[in-house]
Amino acid sequence: MRAEFPDFRLGTELATSFTATLTERQGDALERIPTPQRLVDWLAVHGLAVESCSTAQLEHARELRESIHGAATATATQATPPASAIRIINACSEQGRAAAILTPEGNRQWRLSSASCVEDALGVIAADAISIIAGERDGRLALCASPTCRAAFFDTSQSRTRRWCDMNTCGNRQKKARFNANQRKSARSAE
C-alpha cells in the first residue's frame with residue numbers, strides 16, 4: 001500500500017469495513033479510497049482482487065458505500081432504511097457475478113467472474129450488507145460513540161455493548177480525551 005494514503009481500517013465484516021473507507025464522517029472526513037487504484041488495493045486486501053477500476057466505477061463504489069452506511073445507520077437506530085439506499089444495495093447485489101466457494105480449510109471464499117470487474121466485487125459487498133442489515137447474522141448494528149466518527153459497525157461481542165467502531169482509534173481517542181479532561185480538572189481543584 002502506498003505511504004501517501006491513510007491505512008485501511010480492517011474490520012471483521014466486509015460491508016462495514018467497506019463503509020469505514022470514509023472515516024470521521026462528523027468531523028474532518030478522511031477518504032481512504034481517493035483513487036481508483038486505491039479501491040483496487042482495498043478489494044485485494046479483502047480477497048476480491050480485480051484488475052482495474054475506472055473513475056466511474058470508483059464513484060459507483062462510493063455510492064454503494066454511502067447507501068450501506070445510510071441503511072446500516074437507520075437499522076442501528078431502529079429507523080426504516082432509506083428506499084434509495086435499499087435500491088442501490090439491491091442493484092449492486094444483482095449486478096455482481098460472484099460465487100461462494102469452499103476452501104480446503106473449510107472457509108468460504110468468493111470467486112469473481114473470469115473477467116473480474118469492480119461490479120462483481122461490489123455485488124459481494126452488497127450481499128454481505130444485505131445479510132447484516134436483514135438481521136441474518138448473530139450480532140447487532142451499532143454506531144460508534146465517537147461524536148466525530150459515528151461509523152456503523154457490526155457488534156458481535158458477547159454482551160453486544162461495544163461502543164467504538166475501533167478501539168485502537170476512536171476508543172483510545174475518547175478515553176485519552178476523558179483522561180486529559182480529568183487531569184485538567186484535578187489540576188484546577190488542587191490550586
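For this structure, a couple of remarks:
- Number of positions in segment 80-116 that are touching an Asp or Glu at 6+ places or on another chain (Cβ under 7 Å) and crowded, with 17+ Cβ neighbours inside 10 Å: 5
- In segment 117-137, residue nearest to Cys53 (Cα to Cα) [restricted to those that are assigned to a loop (DSSP other than H, G, I, E, B) and open to solvent by less than 60 Å² (accessible area, probe 1.4 Å)]: Cys117
- Here Arg150 fits the description: at positive phi and either at pLDDT 85 or above or in a loop (DSSP other than H, G, I, E, B) (or both).
- Qualifying residue in segment 21-36 (condition: hydrophobic (A, V, I, L, M, F, W, C), under 10 Å from the mean Cα position of the chain (by Cα) and surrounded by 13 or more Cβ atoms within 10 Å (Cβ to Cβ)): yes
- Residues satisfying the stated conditions in segment 39-73, i.e. of a type in the set (Gly, Ala, Ser) and not in a helix (DSSP H, G or I): Gly47, Ala49, Ser52, Ser54
- Residue check for Asp166: closer than 22 Å to Gly27 by Cβ and touching a residue at least 40 places away in the same chain (Cβ under 8 Å): yes
- Residue list for segment 40-79, filter: out of contact with any strand residue (DSSP E or B) (no Cβ under 6 Å at 6 or more places or on another chain), of a type in the set (Gly, Ala, Ser) and open to solvent by less than 20 Å² (accessible area, probe 1.4 Å): Ala61, Ser67, Ala71, Ala74
- Selection count, segment 138-161, where residues are touching a Lys or Arg at 6+ places or on another chain (Cβ under 9 Å) and surrounded by 15 or more Cβ atoms within 10 Å (Cβ to Cβ): 13
The values are calculated or read from the model by the stated rules, or taken from the named source; none is laboratory data. These numbers were taken from a predicted model, which means no experiment stands behind them. Using ideal geometry, Cβ is built from the backbone for each residue, glycine included, and neighbour counts are taken over all protein chains shown. Accessible surface areas use protein heavy atoms only, side chains included; no ligands, DNA or RNA. Shrake-Rupley method; radii C 1.70, N 1.55, O 1.52, S 1.80 Å.
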